[in-house]
1. Of the residues that make up the range 77-95, is at least one modelled with pLDDT of 85 or more and part of a helix (DSSP H, G or I)?
2. Answer yes if at least one residue in the range 81-102 is touching a helix residue (DSSP H, G or I) at 6+ places or on another chain (Cβ under 7 Å) and closer than 19 Å to residue 50 by Cβ, and no otherwise.
3. Hey, any hits in the range 101-110 for a residue that's over 17 Å from the mean Cα position of the chain (by Cα), modelled with pLDDT of 90 or more and part of a helix (DSSP H, G or I)?
4. Against the definition (in contact with a helix residue (DSSP H, G or I) (Cβ under 9 Å, 6 or more places away or on another chain) and under 30 Å from residue 128 (Cβ atoms)), how does residue 107 come out, yes or no?
């Protein structure tokens with residue numbers, strides 16, 4: 001059995017009614033539900049994600065460390081035993097700013113996964 005649906009089109013003050021048939025959908029296939037995810041499975045997945053985030057954080061930190069070793073930080077300096085800070089110091093070195101932002105984002109992701117991992121380990125009774 002075909003069903004007809006109407007579509008209204010408004011074009012320069014004139015209204016058109018367009019009708020086209022739609023086929024009936026085929027029978028819906030019943031799919032068995034996925035098995036429930038256990039805490040151990042969640043912990044294993046979280047461990048993999050945490051290890052990946054830890055590697056990303058270490059890589060970002062190493063890049064910032066290598067850059068800082070080659071380019072001294074121009075944001076502040078000591079002169080006659082007094083500390084001086086530059087105006088607009090955070091925008092003075094955009095490469096350092098990019099590296100610091102990447103390291104901060106990697107650290108935030110790592111810390112979030114670390115907290116999730118600790119909660120799962122506590123729920124499983126592996127830690128107190």
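1. The answer is yes; a qualifying residue exists.
2. yes
3. Taking every residue of the range 101-110 in turn, none turns out to be over 17 Å from the mean Cα position of the chain (by Cα), modelled with pLDDT of 90 or more and part of a helix (DSSP H, G or I).
4. Taking the combined requirement at face value, the residue satisfies it.
Okay, residues lined up against (1) surrounded by 10 or more Cβ atoms within 10 Å (Cβ to Cβ); (2) modelled with pLDDT of 85 or more; (3) touching a strand residue (DSSP E or B) at 6+ places or on another chain (Cβ under 8 Å); (4) not in a helix (DSSP H, G or I):
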{"site": "15", "(1), (2), (3), (4)": "no, no, yes, yes"}
{"site": "18", "(1), (2), (3), (4)": "no, no, yes, yes"}
{"site": "27", "(1), (2), (3), (4)": "no, no, no, yes"}
{"site": "31", "(1), (2), (3), (4)": "no, no, no, yes"}
{"site": "34", "(1), (2), (3), (4)": "no, no, no, yes"}
{"site": "43", "(1), (2), (3), (4)": "yes, yes, no, no"}
{"site": "49", "(1), (2), (3), (4)": "yes, yes, no, no"}
{"site": "55", "(1), (2), (3), (4)": "yes, yes, no, no"}
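The values are calculated or read from the model by the stated rules, or taken from the named source; none is laboratory data. The structure displayed is predicted, hence computed values, not measured ones. For neighbour counting, all protein chains shown are included, and Cβ atoms are generated from backbone atoms with ideal geometry for every residue, glycine included.
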